[in-house]
Every structure is written in structure tokens, then in C-alpha cells.
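One structure below.
Bear in mind these aren't lab numbers, they're just calculated from the coordinates by the rules spelled out. Quick caveat: nothing in here was measured; it's all calculated off a predicted structure. Counting neighbours? That spans all protein chains shown, and the Cβs are built from the backbone with ideal geometry, glycine included.
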Amino acid sequence: MVMGVDTTFLVEAEVRGHARHARARAWLERHFDRGDSLALAPQVLAEFTHVVTDPTRFALPLTMDQALARANLWWNGKETVRVYPCDESSRLFLKWMGDHRLGRKRLLDTLLASTYFAAGVRSILSSNARDFAVFGCFDVIRP
């Protein structure tokens, strides 16, 4: 099974001080042992790097070098399926933004959802199921 990764899950899995860190890591181990894969889009890596280096979110944020090193490990992991925005996902992004009357705070989630949908990914790992529920086409998994 291939599941798309949302930034919220990646932060949980990587930030040791996060309340859901142990749960996220245990979930990953179980699913990797079963042979499952994770779809990852470049925009998740950018948002992840932005979040984990933010001193207003964490008492001990990662340095930029540390964050980029972790992002690189995810991007190049053997369990990772890389997916990219494309013409189809861009058209779908614009359609969903208009159809659902979404505002500027929904841009990144909508672009990610359209990228995963265009790549055939229908399950997303996220702590924010609400962000993807509006599209009506994803199974949101909250480990």
C-alpha cells in the first residue's frame, strides 16, 4: 500500500519532543515491516523544513542543516515513492480551490491533495483529517 505523507505526520515522526513521536515511529515500523510505501511530494519537504526550524514552535528547533539532512533521508528512503506536481495536478488544484471556495490558508493542503490524487494516491497520513475531507476522495489515516 502507498500512503501520502502530510507535513503534520512527518513532523510527528521526526521531532523527538513531539507528543505523538513514539506513536508515529511505531506506526512506521509496523507498516515498513509489511512492505508499505510512503508517497512524498517536494512541497512536504519544504513545509517540513520550515516548521522544524521555527523557534516559535519548538524550544529546540532543528538547524537548517539538520532539517535538510532529515528531509534528504526521507526523500531518498527505500520506502519512499516520489510524486511531483504536474499539469493534471495543477488543473485539479485550481478546480478544487474554486469548487470548494477555499481561501489562501488552504493553498498548500490543496496543492498537496491534488498532487497525490494525480499520482493515484488515495490514502494520506495526517493529523489533520479535516484538511483533506473536503475533497471527498481520500482515506485519511491518523496513526
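How would the range 27-90 be classified by its alpha-carbon gyration tensor: rounded, prolate or oblate, with rounded meaning a/c under 1.5 and the a/b versus b/c comparison settling the rest? If you can, show how the numbers build up before the last one.
Working: a/c = 2.35, a/b = 1.30, b/c = 1.81.
Oblate.
Only four residue types carry charge here, +1 at the Cβ of Lys and Arg and -1 at the Cβ of Asp and Glu. Report the dipole size of the range 41-143 about the Cα centre in Debye, rounded to the nearest 20.
Details: 13 positive and 10 negative charges, 46 e Å.
Approximately 220 debye in magnitude.
Note on the chain: percent of Cα-Cα distances in each 5 Å bin, starting at 0 and stopping at the bin with the largest distance, equals 2, 10, 19, 23, 21, 14, 8, 3, 0. When +1 charges are put on Lys and Arg Cβ atoms and -1 charges on Asp and Glu Cβ atoms, the dipole computed for the range 90-143 relative to its Cα centre reaches about 180 debye. Using only alpha carbon pairs under 8 Å that are at least six residues apart, calculate the relative contact order of the chain and give it in whole percent. Worked out over the chain, it gives 28 percent.
Highest GNM mean-square fluctuation, the chain, Cα pairs closer than 10 Å: which of 113, 39, 22? Top of the fluctuation ranking is 22.
Using a Gaussian network model on the chain with a 10 Å cutoff between Cα atoms, which of 55, 85, 42 fluctuates the most? Greatest mean-square fluctuation among the candidates belongs to 55. Amide H to amide H distances under 5 Å link residue 38 with 3, 80, 81, where only residues 5 or more positions off or on other chains count and H is placed in the peptide plane.
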